[in-house]
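Read the figures in this text as sums done on the coordinates, not as results from a lab. Computed from a predicted model, the values in this text were never measured in an experiment. With ideal geometry, Cβ positions are generated from the backbone for all residues, glycine too; neighbour counts draw on all protein chains shown.
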Amino acid sequence: MGTEEQLAHGQGEAPARSCGGCTACCKTHEIEELSKPANRWCPHCKVGSGCAIYFERPPSCRDFGCVWLNLPDALPEDSQRPDRLGVVFSIFNQPEVTGDPEGKRLRVFVNEVMEGRLNTKAAKRALDGLRKYADERKAGPRSVARVLGSATSSGEPDPS
Ligand code: SF4
Ligand code: SF4
């Protein structure tokens with residue numbers, strides 16, 4: 001495992017955690033710059049290890065807001081790492097995503113690594129914890145979009 005493989009794939013110069021052996025978002029997310037569809041492994045991904053083009057990875061990868069990686073208070077458990085949980089939570093506060101010009105509202109996206117994983121007790125507990133985390137900060141998430149399989153249903157009401 002090279003050094004770059006232990007670095008974070010996602011957002012931030014100094015994320016709170018390291019991706020370690022997780023490469024879940026390299027499957028779940030569409031990467032427009034690479035014409036990579038959602039739910040297919042990126043051709044540059046060394047599954048369970050890291051990114052073969054880490055230092056040249058496109059902006060979509062660099063800017064990815066993985067909750068587990070960046071907000072350990074929101075998903076505190078190691079078992080909630082996306083590859084272990086089977087669910088990737090990502091969070092945005094950019095006005096163009098949330099519709100809130102003040103940036104106080106959060107929007108959470110949920111991607112299943114494997115279909116059905118959001119229905120597990122562990123994933124539901126993680127989602128509850130994430131809501132609690134956001135509620136305590138009076139920031140939502142008030143709009144949870146479920147992204148299941150290749151079908152994106154962005155903007156659906158919170159399923160709770
Ligand atoms: S899902 Fe999160 S922890 Fe896993 S590889 Fe992507 S950024 Fe890293
Ligand atoms: S370019 Fe790298 S970080 Fe981006 S999806 Fe592919 S393997 Fe993952």
| message | Classify the range 46-111 from the C-alpha gyration tensor, please: rounded if a/c falls under 1.5, else prolate or oblate depending on whether a/b exceeds b/c. | response | oblate
| said: Could you give the length gained by full extension between Val47 and Glu102, i.e. 0.36 nm per residue of separation minus their alpha carbon distance, to one decimal place? | reply: 16.0 nm
| said: Can you give me the distance in nm between label points at Gln94 and Asp63, each placed 7 Å from the Cα along the Cα-to-Cβ direction? | reply: 0.3
| Stretched out fully, how many nm does the piece from Lys132 to Thr120 gain, at 0.36 nm a residue minus the Cα gap? | 2.5 nm
| note | Any GluC sites (Glu not before Pro) in the range 10-103 that lie in a DSSP loop and have at most 11 other Cβ atoms within 10 Å would be Glu13, Glu102
